[in-house]
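Below is one structure; the comments refer to it alone.
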Amino acid sequence: MADGALRVAEPSLSVTASARLDSLTGLRGLTSTWIYVFHFFTFRFVLESGKLTFVQLDRPRFLTMAGNMALSSFFILSGFVLTLTTREGTSLANFCAKRVGKLYPIYFVTSALAIIAILLIGMPISTANIVLHLGMLQSWVPYQEIYHGVNPVTWSLSTEAFFYVLFPLSLFLLRRLSTRALGIMFVVAVFLEFALPWYVMRYFTVNPDGAGSAFLSSGGTGGDLVYWFTLAAPPYRFLEFVVGMICCLLLRRGALPFVRQRWAWLFVAAGYLIGTYAPGYWQRTAVGLVPLAVLLVSLAQADLADHASFLRHRFFVRLGDLSFGLYAIQLLVLLPSYPFLLRWLSSTLDVPERTLEHLPWNVAFVLAYFGVIVLLAMPLHRYVEVPAYNVARRLFRDRPGSAMFSESDVPARTGP
């Protein structure tokens, strides 16, 4: 979980800030693995005339949908967990310090490594791109060479930073809504998830300046602007974060029915199947929003009732703990090394490189690279993420609690 070990004294469906929900940590571990697999079959460098060149890989729609749903689950989960773990009496300065301490150290380390690698490889990179990335602002610029530049995966952390900025005011306002109003807000968020991409595709466009480059084709999602809007645009992706917040608040009020895990997983499978064949501008986020929210609630309820969940297994929970570093480092390992590995194996084994791009070689590469990335994520977690967060959470603890985090005006708990 985002704020350390959280525990409940005994099984209960009453969610408190002290609850430990290992299935949600395990879900983060599972989805981080899916995102890695998605990236393995999406981003690739090839050696051409002694230089590394980016190529777009053709991937099946079902794999694209898996990556989309995995990423959406991160944003929904982030809203849920932050709502759960932000305690009354927290000062605004302490909250900000913890968010910076949690997000920026690994982000900075991996971004710096990416910038150094790009310069060593000799690939083009602008000063503006470097500044935007170090300032975590790249997701606001609708050009792929910006939000996919430097370290292509960290646009999501830029977007997440925007969520943190809005979180205190959002929590203050949502906590003061009635249970019925929260339900209406949930419906509105889902409606906007479907309506906004269609509206942007129909009435807006973005004109490239002629000097930019597109890493991935955007035609299937409605063009460059819709691709950026549904992938990285912070205000649009904030809807998923808000849905996570609403789910947590409704669960804490006892306003949600108990959802059995098997039905939640079937709902996710149905959303996955529908999303695989849905238009690209809905496939990325809209189709999976409600199924993922239901799954998150079901897993939280299962943990609180002490029901069995495969995501509570130590393996998935450990991956969840490492997920931040695993996510940020993966392409820095995969992209620059893979073409050289292929060339070396081709020469050593006297096998054409094209043969190495197919099964069962791909399976072996996926597993081997995943092992290496996990091993590298461990020191990042232990020596960067944990120490930085431990220092940050002690800052400004003596400041008065912010009214933004007060629960004094929260409507009385209502039954389902």
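Before moving on, here are some points about what is shown:
- Index of the failed condition, Ile373 passing every other in (1) open to solvent by 90 Å² or more (accessible area, probe 1.4 Å); (2) at pLDDT 95 or above: (1)
- All of Tyr147, Tyr107 fail the test of being surrounded by 16 or more Cβ atoms within 10 Å (Cβ to Cβ) and farther than 21 Å from Leu52 by Cβ, apart from Tyr107.
- Condition met for Ile130 (assigned to a helix (DSSP H, G or I), out of contact with any strand residue (DSSP E or B) (no Cβ under 6 Å at 6 or more places or on another chain) and aliphatic (A, V, I, L, M)): yes
- When Ser91 is tested against (1) open to solvent by less than 10 Å² (accessible area, probe 1.4 Å); (2) at pLDDT below 85, exactly one condition is not met: (2).
- One residue alone among Val37, Val81 is touching a helix residue (DSSP H, G or I) at 6+ places or on another chain (Cβ under 7 Å), surrounded by fewer than 21 Cβ atoms within 10 Å (Cβ to Cβ) and under 26 Å from Ala293 (Cα atoms), and that residue is Val37.
- In the range 307-318, the condition of being crowded, with 23+ Cβ neighbours inside 10 Å, small (Gly, Ala, Ser) and in contact with a Leu (Cβ under 9 Å, 6 or more places away or on another chain) is met by no residue.
- Looking across the range 278-297, the residues that are small (Gly, Ala, Ser) and surrounded by fewer than 24 Cβ atoms within 10 Å (Cβ to Cβ) come down to Ala278, Gly280.
One line per residue, one yes/no per condition, for (1) more than 30 Å from Thr53 (Cα to Cα); (2) modelled with pLDDT under 95:
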| residue | (1), (2) |
| --- | --- |
| Leu231 | no, yes |
| Gly254 | yes, yes |
| Ala270 | yes, no |
| Ser309 | yes, yes |
| Arg314 | yes, yes |
| Leu331 | no, yes |
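- Among the residues examined, Val46 qualifies as at pLDDT 75 or above, under 30 Å from Glu357 (Cβ atoms) and not in a helix (DSSP H, G or I).
- Close pairs (7 angstrom Cβ cut-off, 6 or more residues apart or separate chains): on the phi > 0 side of the Ramachandran plot in the range 120-147, among the small types (Gly, Ala, Ser) anywhere: Met136/Ser158; Met136/Ala161
- Filter result for Leu177 (surrounded by fewer than 18 Cβ atoms within 10 Å (Cβ to Cβ) and outside any helix (DSSP H, G or I)): yes
- Filtering Ile106, Ile116 for residues that are in contact with a Leu (Cβ under 9 Å, 6 or more places away or on another chain), farther than 25 Å from Cys248 by Cα, assigned to a helix (DSSP H, G or I) and among the aliphatic types (A, V, I, L, M) leaves a single hit, Ile106.
- As for the range 191-198, it holds no residue that is within 30 Å of Ser91 (Cβ to Cβ), modelled with pLDDT of 95 or more and in a helix (DSSP H, G or I).
The values are calculated or read from the model by the stated rules, or taken from the named source; none is laboratory data. Keep in mind that what you see is a predicted model, and the values were worked out from it rather than measured. Ideal geometry is used to build each Cβ from the backbone, glycine not excepted, and the neighbour counts take in all protein chains shown. For accessibility, only protein heavy atoms count, side chains too; no ligands or nucleic acids. Shrake-Rupley method; radii C 1.70, N 1.55, O 1.52, S 1.80 Å.
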